[in-house]
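A.B. asks: Handing you this structure, nothing more for now.
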Amino acid sequence: MSDLRKGLNAKEIFKYPEMLTLIGFFVLCIFFSFASEQFLTTNNITNIVRQVSINGILAVGMTFVILTGGIDLSVGAVMALTGTIMAGMMINYGMPPIVAVLIGILLGAVIGYVNGLFVSRARIPAIIVTLAMMEVARGAALLYTGGYPLSGLPESYAFIGRGYLFGVIPMPAVIMVLVFVVAYIILNHLPIGRYIYAIGGNEEAVRLSGVKVKRVKAFVYLVSGVTAAISGLIMTSRLSSGQPMAGEGYELDAIAAVVLGGTAIAGGRGHIFGTLLGALLLGVLSNGLNLMGVSPYVQRVLKGVIIVAAIYYTSFRQKD
């Protein structure tokens with residue numbers, strides 16, 4: 001950080017992936033502001049904020065997991081399952097929104113913890129465990145809803161996804177900021193945060209030092225499940241319905257935000273602030289390309305290229 005205070009030359013900037021992401025974000029904003037008259041309108045900026053909020057919250061949990069050297073491919077499906085469960089609790093059983101939300105978040109925590117147990121105690125590779133959980137959660141969401149959206153949510157519930165704090169700040173943005181603040185405190189000011197980084201750097205050394213590595217690993221997947229449920233809450237509220245196919249492909253967006261923010265895919269290195277920048281960059285890119293009429297298929301190709309490039313860069317930087 002002392003280098004940042006003294007000022008960075010062009011060569012030094014490449015040592016800080018967060019700086020590159022921040023520069024890319026501003027470059028995209030400038031480009032799209034000229035490419036489309038609608039980009040800088042209030043409605044469009046609000047739309048970007050809402051979209052970024054969902055992916056940003058998902059990416060927080062993904063950051064915890066990736067910092068330990070793991071991966072969670074189930075977040076999109078867990079987001080759909082918890083969202084439909086919340087909707088079903090309110091529509092079918094008349095539960096108050098707060099109770100339904102707590103049930104959904106608890107379900108997300110349980111699913112995440114189960115992922116963590118299989119990864120840490122059964123020693124099954126994270127990609128296999130979470131891929132299987134992705135299928136289980138998606139199938140459960142479709143079974144629960146019969147494959148159809150659940151509509152008829154209370155009007156008060158819509159405030160979470162479509163309301164404004166003080167009539168100005170979109171509620172999803174408020175929730176996202178709170179989630180990032182909590183994540184920052186955990187990763188930078190609590191012992192478990194140091195353990196998370198250390199496990200990604202050298203898991204065996206951490207185990208030999210007496211740290212309960214299995215518990216820490218279970219915790220990071222639990223966090224990922226909770227953030228997936230919070231994203232499901234916002235999505236369900238925003239759409240005013242429980243969508244069993246919601247969140248499809250969102251796991252890749254979350255991974256992209258994390259690696260774009262400079263977190264090493266092998267773990268042990270990264271910053272939650274970088275994840276926020278990565279989510280903002282992806283949100284602006286997607287929104288700008290939509291305004292320009294670029295095909296969604298082309299956007300998927302670009303997203304894949306961006307993920308590979310970001311992983312290559314962070315891996316190359318670690319070798320240095």
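The values are calculated or read from the model by the stated rules, or taken from the named source; none is laboratory data. Only a predicted model underlies this, so the values are computations on that prediction, with no experimental measurement involved. Don't worry about glycine lacking a Cβ; one is built from the backbone with ideal geometry, like all the others, and counts go over all protein chains shown. To get the accessible areas, we keep the full protein, side chains included, count just its heavy atoms, and leave off ligands, DNA and RNA. Shrake-Rupley method; radii C 1.70, N 1.55, O 1.52, S 1.80 Å.
A.B. asks: So who's got an amide H within less than 5 Å of the one on GLY163, skipping anything under 5 residues away but keeping other chains? H placed 1.01 Å off N, in plane.
C.D. replies: MET171
A.B. asks: What accessible area per residue comes out for the stretch 39-108, rounded to a whole number of Å², with a 1.4 Å probe?
C.D. replies: 30 Å²
A.B. asks: Could you compute how fast the chain diffuses translationally, taking Rh as the Kirkwood radius over C-alpha pairs and applying Stokes-Einstein at 37 °C with viscosity 0.692 mPa s? Give it in µm² per second.
C.D. replies: Estimated diffusion coefficient is 164 µm²/s.
A.B. asks: Within the chain, what whole-number % of the accessible surface is contributed by carbon and sulfur, with the 1.4 Å probe and all protein chains included in the calculation?
C.D. replies: 68 percent
A.B. asks: Further question: Sorted by mean Cβ packing within 10 Å, highest first, what order do the peptides 107-115, 238-246, 158-166 take? Numbers along the way, then the final one.
C.D. replies: Numbers: 107-115: 23.2, 238-246: 21.4, 158-166: 14.9.
The densest-packed peptide leads the list: 107-115, 238-246, 158-166.
A.B. asks: Now for a separate question. Among VAL60, PHE25, MET86, flag the residue with its Cα farthest along the positive direction of the charge dipole of the chain, charges on Cβ as +1 for Lys/Arg and -1 for Asp/Glu.
C.D. replies: Of VAL60, PHE25, MET86, it is VAL60.
A.B. asks: Oh, and also: Relative contact order, percent, of the chain when contacts are C-alpha pairs under 8 Å separated by at least 6 residues? If you can, show how the numbers build up before the last one.
C.D. replies: Numbers: 549 pairs, mean separation 108.3, N = 320.
34 percent.
A.B. asks: Quick one: give the max-minus-min coordinate of the C-alpha atoms of the stretch 36-163 along each principal axis, largest first, in Å.
C.D. replies: The Cα atoms of the stretch 36-163 stretch 48, 42, 25 Å along their principal axes.
A.B. asks: Okay, next question. Roughly how large, in nm² to one decimal, is the mean projection of the convex hull of the alpha-carbon atoms in the stretch 214-320?
C.D. replies: Seen from a random direction, the Cα hull of the stretch 214-320 projects 8.3 nm² on average.
A.B. asks: Hey, what number do you get for the chain at 222 nm if only DSSP H runs of n ≥ 4 count, each worth -39500 (n - 2.57), divided across all residues, to the nearest 500?
C.D. replies: On the way: 14 runs with 241 residues, N = 320.
Taking each H run of at least 4 residues, the total per residue is -25500 deg cm²/dmol.
A.B. asks: Next question, about the same structure. Amide H to amide H under 5 Å from ARG269: which residues, 5+ apart in sequence or cross-chain, H placed 1.01 Å off N in plane?
C.D. replies: ALA264
A.B. asks: So, for the stretch 190-320, what is the accessible surface per residue at a probe of 1.4 Å, expressed in square angstrom?
C.D. replies: Ligands and nucleic acids excluded, the result is 44 Å² per residue.
A.B. asks: Output the direction-averaged projected area (hull surface divided by four) of the convex hull of the alpha-carbon atoms of the stretch 156-209, in nm².
C.D. replies: 5.3 nm²
A.B. asks: Taking 8 Å as the Cα distance limit and 6 or more residues as the minimum spacing, I'd like the relative contact order of the stretch 149-275 as a percentage.
C.D. replies: Numbers: 110 pairs, mean separation 41.6, N = 127.
Reported as a whole number, the value is 33 percent.
A.B. asks: While we're on this one: Please list ILE175, ILE199, ILE91 in order of solvent-accessible area, largest first, computed with a 1.4 Å probe with all protein chains present.
C.D. replies: In descending accessible area the options line up as ILE91, ILE175, ILE199.
A.B. asks: Whats the longest run of the chain with zero GluC sites (Glu not before Pro) that are DSSP loop and have at most 16 other Cβ atoms within 10 Å? Walk me through the intermediate numbers first.
C.D. replies: Numbers: sites that count: GLU37, GLU248.
So the longest stretch without any such site is 38-247.
A.B. asks: Given charges of +1 on the Cβ of Lys and Arg and -1 on the Cβ of Asp and Glu, with all other atoms neutral, how large is the dipole of the chain about its Cα centre, in debye to the nearest 20?
C.D. replies: 740 debye
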